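Below is one structure, written out as structure tokens, with a few remarks after it.
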Amino acid sequence: MTSPATNRSFVRLSGVGHRYDPDPQVPPAVTAIDLDIRRHEFVAVVGPSGCGKSTLLRMISGLLTPSEGEVSVFGKQVDGPRDDIGIVFQKPTLLPWLTVRKNVLFPLKHKFGRYSQQDEKRADDLLAMAGLASFAGKMPDELSGGMQQRVGIVRALLLNPDILLMDEPFSALDAMTREQIGFDLLKIWEDNPKTVLFITHSIAEAVLLADRVLVMSKRPGTILEVLDVDLPRPRTSHTISEPRFGQLTERLRKHIYEPEAA
Ligand SMILES: Nc1ncnc2c1ncn2[C@@H]1O[C@H](COP(=O)(O)OP(=O)(O)OP(=O)(O)O)[C@@H](O)[C@H]1O
């Protein structure tokens, strides 16, 4: 039975776990995850490689069925891929033979076989919001890596999903582009509120972007710590030089590298 959703629990995970290998000698990838995510909350997930971050994201997306527990979105159990969830991966995988605008519209074309003038306008509005207005008619290989990733984010937003799941979306980018695109994402999120789950290997990125940061343990992955990020918004490049930013990243570092001492 799924408990009723409140504003505090837009996405709810109750006792969620997954094992890829049915052999009971092999530990599950993820186990005993209890989590409530509020509507329009920005939650980041950090943890060692292989701790099950992507597995967690795939269970929320409905692409993977948990082998224990239950995931629900707004009080309804997730039992398959949902239309109200947008996903952004590490690489945007744009179709090289389509313009930027057509790439953004591609999910609609794929799903319904067509799109309307209104959809084209929405694509152009979102591209403008992402600073890509003059690139709508260009081909993907005319764009930098950071621009291509922004196109991937715009494409995920086109169907106006309630939830945006992001799996290490900026890890292929250089440090400067990565910081800038983080601020671009925050601007898009502030103008267009979504519930965001954002996986990253960067502690600083997690603190800079999120309302809360989940720290996962090594396999079997479970939640070790939930850190509230009490930094004011809007976050800017000045946020990084605030003492509180340093305290929070330090605390997360301790949890990840010396979990016993934290
Ligand atoms: N399809 C699969 N079949 C079998 N095992 C898998 C499968 N996908 C992931 N695993 C295993 O489950 C564990 C968790 O993987 P997952 O990709 O979720 O971790 P992650 O924290 O996202 O890793 P990384 O930070 O390296 O991307 C790992 O031990 C991985 O080898």
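Pairing each residue of the range 38-49 that is within 22 Å of residue 256 (Cβ to Cβ) with any residue that is among the acidic types (Asp, Glu), provided the two are 6+ apart or on different chains, yields C-beta distances under 6 Å for 41/211; 42/211. Among residues that are within 26 Å of residue 188 (Cα to Cα), touching a strand residue (DSSP E or B) at 6+ places or on another chain (Cβ under 7 Å) and part of a strand (DSSP E or B), residue 69 is not included. Checked against the criteria, residue 34 does not count as more than 17 Å from residue 194 (Cβ to Cβ), without any contact (Cβ under 8 Å) to a residue 60 or more places away in the chain and acidic (Asp, Glu). Flag: residue 225 matches the condition of being at pLDDT below 95, among the acidic types (Asp, Glu) and not in a loop (DSSP other than H, G, I, E, B). Inside the range 134-172, residues that are part of a loop (DSSP other than H, G, I, E, B), within 16 Å of the ligand (Cβ to nearest atom) and out of contact with any His (no Cβ under 7 Å at 6 or more places or on another chain) make up a count of 3. The residue that is farthest from the ligand (Cβ to nearest atom), counting only those in the range 216-230 that are crowded, with 18+ Cβ neighbours inside 10 Å and aliphatic (A, V, I, L, M), is 229. Checking 55, 31 one by one, the residue that is within 13 Å of the ligand (Cβ to nearest atom), part of a strand (DSSP E or B) and touching a strand residue (DSSP E or B) at 6+ places or on another chain (Cβ under 9 Å) is 31 and no other. Given the structure, is residue 233 over 30 Å from residue 126 (Cα atoms), surrounded by fewer than 16 Cβ atoms within 10 Å (Cβ to Cβ) and away from the ligand (no atom under 16 Å from the Cβ)? So residue 233 does not fit the description; no. Among the residues of the range 34-45, those that are more than 9 Å from the ligand (Cβ to nearest atom) and within 22 Å of residue 68 (Cα to Cα) comprise 34, 35, 36, 37.
Looking across the range 107-123, the residues that are part of a helix (DSSP H, G or I) and buried (at least 17 other Cβ atoms within 10 Å of the Cβ) come down to 108, 119, 122, 123.
Contact annotation: residue pairs with Cβ atoms under 7 Å, 6 or more positions apart or on different chains, pairing a residue in the range 206-223 that is in the same structural domain as residue 54 (by TED's automatic domain parsing) with a partner that is more than 12 Å from the ligand (Cβ to nearest atom) and among the small types (Gly, Ala, Ser), are 206/44; 208/182; 209/44; 209/182; 210/44; 213/44; 213/206; 222/32.
The values are calculated or read from the model by the stated rules, or taken from the named source; none is laboratory data. For clarity, every value in this text was computed on a predicted model and none was experimentally measured. All Cβ positions, glycine included, derive from the backbone under ideal geometry; neighbour counts span all protein chains shown.
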